[in-house]
Amino acid sequence: MLKIIDRYIIKEYLTRLVSVFSICFLIFIVQTFWLFIDELAGKGLGFDTILKFLVYYSPKLIPLVLPLSIVLASLMTFGSLAENYEFAAMKSTGISVQRAMRSLTLFIVFLSALVFFFANDVIPYSEYRWLNLRRNIQQFKPSMAIAEGQFSQVGDEFNIKVKKKSGENDQYLEEVVIHKKEAKHSSGNSTVIIADRGELTSEIGSNTLSLVLNDGNYY
């Protein structure tokens with residue numbers, strides 16, 4: 001009798017947990033895509049590259065999605081059991097609420113241990129692959145770091161604005177304005193560089209993005 005009840009509660013809980021987790025995870029993935037839309041859209045990247053980008057980023061979302069999914073699935077499961085008087089039926093046969101929840105408690109403990117090893121091993125590896133892929137994309141498309149018509153922060157010291165980008169990889173820039181902070185904690189821009197033209201270059205295998213400016217002034 002107790003084994004049947006345990007299997008029933010676990011089945012009801014897992015059904016709701018998978019459904020809630022899938023919906024929440026999809027919402028977080030869409031939010032991630034919009035967060036990095038400037039780096040992914042309009043850059044000539046293939047669908048497989050964008051898919052890899054999201055796959056490598058998704059493991060770090062699981063510790064955010066799973067607690068919410070567990071809480072919502074628990075409320076839905078036990079709310080349904082109480083609404084259908086199934087808890088009352090269990091108590092009438094001598095089964096306490098604590099005993100009915102024991103199988104689910106053991107499952108949550110097991111899931112917690114599994115998530116711990118996942119966060120300890122899988123997430124750091126996926127984060128490394130994600131950062132490596134992001135760096136490779138920026139080397140393939142150096143202009144991704146700079147957007148047209150607005151200031152883009154490059155590193156901790158530079159804010160760069162360009163009016164227009166051109167070229168096969170958008171490496172040629174027009175009307176470049178650079179604000180540089182001399183001190184790390186300075187609130188103002190102590191140096192301004194203005195140039196009519198510029199070119200972004202990045203050597204293969206290098207982590208350095210170079211900007212060559214022409215016809216400008218240094219203030």
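The values are calculated or read from the model by the stated rules, or taken from the named source; none is laboratory data. Here the structure is a predicted model, which means the values were calculated and not measured. Remember, those area values only see protein heavy atoms, side chains included, never the ligands or the DNA or RNA. Shrake-Rupley method; radii C 1.70, N 1.55, O 1.52, S 1.80 Å.
Here, region 10-79 yields an orientationally averaged convex hull projection of 5.2 nm² when only Cα atoms define the hull.
Counting only protein chains, not ligands or nucleic acids, how are GLU175, GLU168, GLU127 ordered by accessible area (probe 1.4 Å), most first?
Working: GLU175 100, GLU168 160, GLU127 50 Å².
Descending order: GLU168, GLU175, GLU127.
When nucleic acids and ligands are ignored and a 1.4 Å probe is applied, LYS164 ends up with an accessible area of around 100 Å². Here's the list of lysines a cross-link from LYS180 could span, going by alpha-carbon distance under 30 Å and ignoring same-chain residues fewer than 8 apart: LYS43, LYS141, LYS161, LYS163, LYS164, LYS165.
Ranked by accessible surface with a 1.4 Å probe, highest first, in what order do PHE53, PHE87, PHE110 come? Before the final figure, lay out each step's value.
On the way: PHE53 0, PHE87 35, PHE110 130 Å².
The ranking, largest first, comes out as PHE110, PHE87, PHE53.
Please give the contour-minus-distance gain from ARG197 to ASN217: 0.36 nm per residue of separation, less the Cα-Cα distance, rounded to one decimal in nm. Working shown, then result.
Numbers: separation 20, 0.36 × 20 = 7.20 nm, distance 1.14 nm.
Taking ARG197 through ASN217 to full extension adds about 6.1 nm, to one decimal.
Heavy-atom accessible area for MET101, with the other protein chains in place and a 1.4 Å probe, reaches approximately 70 Å².
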